[in-house]
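Structure first, commentary second.
Any read-out appearing in this document is the output of simple, stated calculations on the displayed coordinates, not a laboratory observation. Here the structure is a predicted model, which is why all the values come from computation and not from measurement. Cβ placement follows ideal geometry from the backbone for every residue including glycine, while neighbour counts extend to all protein chains displayed.
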Amino acid sequence: MKFTKSEEETRELYLNHHKNYANNPDIFLKHYKYSSSCENYLLPEGWFKGKKVVDIGCGNNGVLQKAFYDMGCSSISCLDIGDKWINFLKEVLNSHKLNLNVFSFHAGNAIELPFETDTFDFAACFGVLMVLESFEHIELAIKEMMRVVVPGGICNADFGYGNTGVLNSFINPALREAYSEDNEFADYIDNLDLEEVKKEFFSILSTGINKDKLITEDLINKLLELITLDTINYFQDELRVPIKLDNKLNEKYVIDLLKKYGAKNIKRCPEFYYERKDFRRFLTPFHVTRNKSKYSKLMFGPGNLKFTWTK
Ligand SMILES: C[S@@+](CC[C@H](N)C(=O)[O-])C[C@H]1O[C@@H](n2cnc3c(N)ncnc32)[C@H](O)[C@@H]1O
């Protein structure tokens, strides 16, 4: 199967980022805690036992694979662009001592799945739809998800943060524009190195020592602990991925689209308190208070457009 230039670039970006999950247990665990709990898919405890599942746009971090395995799935099909990711994913699964016979690995495209109709009990598609080439591709991907699950089967997908909230609607798009137009900035982002960033920030911030009573070496070191590999992953993901459509869609778009392809029992999944270790640990409380706080909602919008539905 042929892939477009932007599909290949997207895959290459995540190939490297997902390797960081294996190198950093904090990043892995943060996502694993979410993925391994049935309630986050709005399913009853124990639902996955013996189920046949597919992870569309699985990447090579192994998080959802381990979660599906630990929840007792009998067959786990993993699909992503090209085949470079497969050995990296296998390595991660081996490092967790999972039985690889439960898994199958498929080079393919979310918009044209290489699976028979009515095959899976559950289809997942996380972090993928909003990086597809176009709205037409999002639509094809949903149509394909619906095709490959059995009647009565469950689909679960996220569509990103939608077109609301100052961060997603204005700040992130502006940073993406700067990345695409300012070569020096792009070069800096492309070559971010955790230790170098910390060294540089220390040297900048320490010019305030003895000039500002609040700024001490101790405080600077504490602040620098809030910059981690996850921080670098976040900024590189956000700025370097060739296409990002989520700031152009909203809840109504998603629900209309799902209904168009016959989805039933459409439900929006709850917000989750991700245990971050970097500076974003202070943003998580804002993420989870969007329903209660005017400020949180203004900045971050009404939350992740993550849905579960039935065929
Ligand atoms: C943000 S990562 C998410 C990975 C994984 N699903 C997770 O939640 O950790 C996006 C993934 O979507 C994959 N992807 C992008 N476009 C795709 C397409 N057209 N078909 C299949 N996978 C695609 C990328 O290669 C990448 O692995």
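So for the chain: antiparallel DSSP bridges make up what percent, rounded to the nearest 5?
35 percent
Express the relative contact order of the stretch 100-182 as a whole percentage, based on alpha carbon pairs under 8 Å and six or more residues apart in sequence.
With pairs under 8 Å counted, the relative contact order is 32 percent.
Hey, which lysines would be in cross-link range of Lys49, C-alpha to C-alpha under 17 Å, not counting anything within fewer than 8 residues on its own chain?
Lys66
Looking only at Asn233, Asn247, Asn24, which one moves most when the chain is put into a Gaussian network model with springs between Cα atoms under 10 Å?
Asn24
Using just the helices of the chain, give the 222 nm mean residue ellipticity in deg cm²/dmol: DSSP H runs with n ≥ 4 each add -39,500 (n - 2.57), and the total is spread over all residues, rounded to 500.
Computed ellipticity for the chain at 222 nm equals -13000 deg cm²/dmol.
Would you calculate the convex hull of the Cα atoms in the stretch 206-311 and tell me its volume per residue in Å³?
162 Å³
Roughly speaking, what is the stretch gain from Phe3 to Asp70, that is 0.36 nm per residue apart minus the C-alpha to C-alpha distance, in nm to one decimal?
Taking 0.36 nm per residue and subtracting the Cα distance, the gain is 20.9 nm.
Dividing the convex hull volume of the alpha carbon atoms of the stretch 166-240 by its residue count, what do you get in Å³ per residue?
116 Å³
Of Lys5/Lys260; Lys19/Lys277; Lys30/Lys277; Lys267/Lys306; Lys30/Lys306, which sit over 20 Å apart, Cα to Cα?
Violating the 20 Å Cα-Cα cut-off are Lys5/Lys260.
According to a simple spin-label model (label point 7 Å from Cα along Cα-to-Cβ), what is the distance in nm between Lys294 and Asn183?
Going by the 7 Å Cα→Cβ label model, 4.7 nm.
If the convex hull of the alpha-carbon atoms of the chain is projected onto planes in all directions, what is the mean projected area in square nanometres?
Approximately 17.2 nm², given one-decimal rounding.
I want to make sure I understand the PRE zone here: with the label point 7 angstrom from the Cα of Leu175 toward its beta carbon, which residues in the stretch 109-133 have backbone N atoms less than 13 Å away?
No residue qualifies, since no backbone N sits under 13 Å from the label point.
Exposure proxy check: Trp47, Trp85, Trp309 ranked by fewest other beta carbons within 10 Å?
Arranged by neighbour count, lowest to highest, Trp47, Trp85, Trp309 become Trp47, Trp85, Trp309.
Calculate, for Asn94 and Lys49, the FRET efficiency according to 1/(1 + (r/R0)^6) with r their C-beta to C-beta distance and R0 22 Å; round to the nearest 0.05.
0.40
Starting from 0.36 nm per residue, how many nanometres of slack lie between Val166 and Asn221 once their C-alpha separation is accounted for?
Stretched out fully, the Val166 to Asn221 stretch lengthens by 16.8 nm.
Could you give each residue of the stretch 205-217 its phi-based ³J(HN,Hα) in whole Hz, using Karplus coefficients 6.51, -1.76, 1.60 with θ = phi - 60°, and x for Gly or Pro?
5, 5, 5, x, 5, 6, 10, 10, 4, 5, 8, 10, 4
Could you work out which residue, out of Ala123, Ala22, Ala186, moves most in a Gaussian network model of the chain, that is, has the largest mean-square fluctuation with Cα springs under 10 Å?
Comparing Ala123, Ala22, Ala186 in a Gaussian network model of the chain, the most mobile one is Ala186.
In the chain, which cysteines lack any other cysteine Cβ under 4.7 Å from their own?
That list is Cys38, Cys73, Cys125, Cys155, Cys269.
Which order do peptides 199-208, 70-79 fall in by mean Cβ count within 10 Å, highest first?
Per-residue Cβ counts within 10 Å, averaged per peptide and sorted highest first, yield 70-79, 199-208.
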